[in-house]
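Asker: Following this message is one structure expressed as structure tokens.
The values are calculated or read from the model by the stated rules, or taken from the named source; none is laboratory data. Computed from a predicted structure; not experimentally measured. FYI the Cβ positions are ideal-geometry reconstructions off the backbone, even for glycines, and counts take in every protein chain you see.
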């Protein structure tokens with residue numbers, strides 16, 4: 001890893017629901033982390049100011065923001081939240097020397113080589129551990145997908161918007177789910193179903209298919225009903241969810257040629273507990289016809305590190321400052 005300046009700097013991981021902030025030192029040690037609900041703040045800079053006030057208003061010169069949206073040019077608008085801003089105007093407003101803004105899953109992908117054995121958990125038994133492109137997928141408020149490509153100088157992240165491609169059904173039940181969703185959504189993406197909000201939508205849709213009333217429910221309530229065994233539809237919903245995630249992950253692995261492994265991150269899987277079915281996930285991951293053997297050789301991992309996007313964002317800022325200093 002490259003070195004950072006002597007002063008503390010700000011690191012953030014901003015999703016559609018929560019904004020996570022921390023400070024880091026020259027040794028890249030993170031501290032003073034906080035999680036703030038995005039809806040409580042009118043803008044990103046107001047959330048940043050609030051966080052800094054809570055940790056003693058340290059002097060910040062350099063900052064990195066990993067955020068859940070495509071980064072194209074200076075203007076940033078979040079996909080699943082109303083925050084929008086100019087990178088340069090925000091840098092000047094906060095008085096920083098550097099404000100690096102990157103895609104959140106580019107940061108998550110960048111973290112993969114630095115997580116260590118304690119930061120990941122193996123989900124399969126058949127994959128072959130080898131070097132090569134890595135892929136990461138993660139359901140949260142949305143569905144993120146990114147790649148990490150080996151280069152002679154290290155690793156290069158490849159952010160994507162793969163969560164917004166067309167949803168591909170795999171059996172009669174999923175065909176019926178898609179038919180029902182088309183009544184309301186002209187375009188159904190994987191993110192519509194394979195995400196936190198998608199769990200609630202999937203549950204409601206499956207109740208409709210079962211001839212039951214589609215009552216309003218939160219994703220947390222669906223998970224609680226499944227874990228307690230009080231609702232068979234909730235249990236089935238999360239089994240279907242596990243399969244859908246496996247199918248999308250297999251698609252990502254094929255498109256990115258991720259022979260170095262497919263990693264699952266995001267904020268949802270850790271909350272599912274025993275309701276996430278690794279066997280259903282793996283079965284659907286490899287179920288790609290003539291490429292089944294190819295996918296069987298790709299290992300699957302669950303990211304269990306607490307704040308992996310922070311780790312990746314820190315490294316991206318390190319690389320950025322190193323290149324800037326050389327120029």
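Asker: Output the number of the condition that residue 175 fails; it satisfies all remaining conditions of (1) closer than 25 Å to residue 283 by Cα; (2) surrounded by 16 or more Cβ atoms within 10 Å (Cβ to Cβ).
Answerer: (2)
The rows are residues; the columns are (1) surrounded by fewer than 23 Cβ atoms within 10 Å (Cβ to Cβ); (2) in contact with a strand residue (DSSP E or B) (Cβ under 7 Å, 6 or more places away or on another chain).
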| residue | (1), (2) |
| --- | --- |
| 188 | yes, no |
| 195 | no, yes |
| 202 | no, no |
| 257 | yes, no |
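Asker: Can you go through 13, 25, 57 and tell me which one is outside the structural domain of residue 281 (by TED's automatic domain parsing) and either at pLDDT 95 or above or within 21 Å of the chain's Cα centre (by Cα) (or both)?
Answerer: Answer to the selection: 13.
Asker: Looking only at the stretch 77-96, how many residues end up being over 28 Å from residue 197 (Cβ atoms) and part of a loop (DSSP other than H, G, I, E, B)?
Answerer: Count: 2.
Asker: For residue 228, work out the one condition from (1) under 24 Å from the mean Cα position of the chain (by Cα); (2) under 22 Å from residue 267 (Cα atoms); (3) surrounded by fewer than 18 Cβ atoms within 10 Å (Cβ to Cβ) it doesn't fulfil.
Answerer: Condition (1) is where residue 228 drops out.
Asker: Name every residue in the stretch 63-76 that is more than 18 Å from residue 309 (Cβ to Cβ), touching a strand residue (DSSP E or B) at 6+ places or on another chain (Cβ under 8 Å) and not in a strand (DSSP E or B), in order of residue number.
Answerer: Result: 74, single match.
Asker: In the stretch 231-242, what count of residues is obtained for those that are touching a residue at least 12 places away in the same chain (Cβ under 8 Å) and over 15 Å from residue 271 (Cβ atoms)?
Answerer: Within the stretch 231-242, residues that are touching a residue at least 12 places away in the same chain (Cβ under 8 Å) and over 15 Å from residue 271 (Cβ atoms) number 5.
Asker: Right, next: How many residues, within the stretch 208-218, are touching a residue at least 24 places away in the same chain (Cβ under 8 Å) and either exposed (fewer than 14 other Cβ atoms within 10 Å of the Cβ) or over 29 Å from residue 288 (Cα atoms) (or both)?
Answerer: Residues that pass the stated criteria total 1.
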